[in-house]
Amino acid sequence: MQDYQREFIEFAIEKEVLRFGEFTLKSGRTSPYFFNAGLFNTGEALARLGKCYAAAIQQSGIEYDVMLGPAYKGIPLAAATCVALATEFGQDVPYVFNRKEAKTHGEGGNLVGAPLAGRVLIIDDVITAGTAIREVMDIIDQAGATPAGTVIALNRQEKGKGELSAIQEVERDYNMPVASIVSLNDLLTYLGEKGGMDAQIEAISAYRAKYGI
Ligand code: OMP
């Protein structure tokens, strides 16, 4: 694990973005942990988060022309990450986001920001079963652009529809890599190193035996 990954997990726990307990997921699965990216809700938190996404993108080596932050949660993520790419890595990356409802006046349409064209890097929070990310692919398809890759904060390493992980299915179906700041493996390594987290590790391991890959 790299320093930025360890710091990211520490920071997520400190901000209660990452919590342990019992949570019902979008997929209907009952999970012993939940990652709520919406709780990175201050300027400093967003700045740190943007730097972690920027580091993960650098690390992934994905080549792209524009970043897409899908509404709603992806919008601040794309903005914060583009700022970090500019300030930390000297890269001036264009970004675009969608509206959930098309605007009929003014500039109209349902895309805001740079043109959605060429190779698109999607930025999102979490992939569990892969439902949310598939909806985003339609936006890219309708614009006539091509998916270049996706970067998320946490890869929960769970099953998709079949025996592959949800992320492997997305990678296969859309022919693009999915990178993450951290994965469940990283989280378990961190909890093991930290100590005193045996109950959480046990609950996550049991969940993994059922839904993990
Ligand atoms: P899938 O559509 O099943 O891949 O679930 C991904 C979505 O679930 C994310 O975009 C989140 O809205 C939400 N989610 C989290 O935010 N954090 C989690 O730890 C788990 C989920 C989830 O419901 O699976």
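Which of the numbered conditions does residue 121 fail, given that it passes all the others? Conditions: (1) more than 16 Å from the ligand (Cβ to nearest atom); (2) open to solvent by 30 Å² or more (accessible area, probe 1.4 Å); (3) closer than 23 Å to residue 17 by Cβ.
(2)
List the helices (runs of 4 or more DSSP H) inside segment 1-110, counting only whole elements, that have at least 3 residues being out of contact with any Pro (no Cβ under 6 Å at 6 or more places or on another chain) and closer than 23 Å to residue 207 by Cβ.
Passing ranges, in order: 3-14.
Among the candidates 37, 54, 80, 12, which residue alone is touching a Leu at 6+ places or on another chain (Cβ under 6 Å) and within 14 Å of the ligand (Cβ to nearest atom)?
Checking each option against the conditions leaves just 12.
Just to be sure I understand, how many residues within segment 100-111 are open to solvent by 60 Å² or more (accessible area, probe 1.4 Å) and either touching a residue at least 12 places away in the same chain (Cβ under 8 Å) or closer than 19 Å to residue 142 by Cα (or both)?
7
Determine whether segment 127-141 contains at least one residue that is basic (Lys, Arg), within 12 Å of the ligand (Cβ to nearest atom) and closer than 16 Å to residue 98 by Cα.
For segment 127-141, residues basic (Lys, Arg), within 12 Å of the ligand (Cβ to nearest atom) and closer than 16 Å to residue 98 by Cα: present.
The values are calculated or read from the model by the stated rules, or taken from the named source; none is laboratory data. Only a predicted model underlies this, so the values are computations on that prediction, with no experimental measurement involved. Every residue, glycine as well, gets a Cβ built from its backbone with ideal geometry; the counts of neighbours run over all protein chains shown. When the accessible area is computed, the model is the full protein with side chains, heavy atoms only, and any ligands, DNA or RNA have been set aside. Shrake-Rupley method; radii C 1.70, N 1.55, O 1.52, S 1.80 Å.
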